[in-house]
1. With the other protein chains left in place, how much accessible area per residue, in square angstrom, belongs to the stretch 1-146 at a 1.4 angstrom probe?
2. Highest mean first, what order results for 25-32, 141-148, 165-172 on Cβ atoms within 10 Å?
3. Along Cα→Cβ, 7 Å out, is where each label goes; now give me the distance between the ones at HIS136 and GLU111 in nm to one decimal.
4. Can you give me the distance in nm between label points at ARG60 and LEU11, each placed 7 Å from the Cα along the Cα-to-Cβ direction?
5. So how far, in whole Å, is the C-alpha centre of the stretch 113-137 from the one of the stretch 4-40?
6. Rounded to the nearest 10 Å², what accessible area does ARG69 have for a 1.4 Å probe in the complete protein model?
7. Taking 7 Å along the Cα-to-C-beta vector as the label spot, tell me the PHE18-ARG83 distance in nanometres, rounded to one decimal.
8. Which length gain, in nm to one decimal place, applies between LEU76 and THR41 when the Cα-Cα distance is subtracted from 0.36 nm times their residue separation?
Amino acid sequence: MQPFVISLNGLARGRSEFCRRVGKEFFGDFGNSEVSDADVTVEVTVEKADGFIGVDCRIRGALTLPCDRCLEPLTLPVDTMARLSVKFGTEVSREDGPAAPGEREILYLSEADTDLDLSQIVYDYILLALPMQKVHAEGECNPQTLKYLCREEAPAQAPEAGTDSPFAALKAMMEKNK
């Protein structure tokens, strides 16, 4: 059985719960080579009632990725929640607009679907929980790398007299048009 596939036909009415762990292999299956290590727990609660299937995923753990500044390993915490309502059909009604914060997102499945695979949803929510810039706290980056990043640039030298400069040609055109 795949870790995040829920059989909708065999799902009992009421509440079902299961817990899965996600490691770096999970991210490798998606072709994500940035994640060098992962220890994430996904607690899934599925509630089935007449015409309603609600899926709540609590995602907590840590990922190790390269720091955007120094490229050394950086461990970042992940703590997020995915709340879904499963509907069957292909037509989106007008009232099914984007979910407001705190509300359930609506996931449409065809009537023929018997399984719900949450793998892509879990993957997306984990990556969306990460900050845009993944950098070490101030002072924790590799000092050897930072030495190259913080090096002062040599001042630009003025072109020597008599050399062809594209800016000299531009200046001449500007003076001509005055």
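The values are calculated or read from the model by the stated rules, or taken from the named source; none is laboratory data. Because the structure is predicted, anything quoted here is derived from the model rather than measured. Cβ placement follows ideal geometry from the backbone for every residue including glycine, while neighbour counts extend to all protein chains displayed. Areas reflect the complete protein model, heavy atoms only, side chains present, ligands, DNA and RNA absent. Shrake-Rupley method; radii C 1.70, N 1.55, O 1.52, S 1.80 Å.
1. On a per-residue basis, 61 Å².
2. 25-32, 141-148, 165-172
3. 5.9 nm
4. Here the modelled spin labels are 2.4 nm apart.
5. 11 Å
6. 90 Å²
7. 2.4 nm
8. Extra length available between LEU76 and THR41 comes to 11.2 nm.
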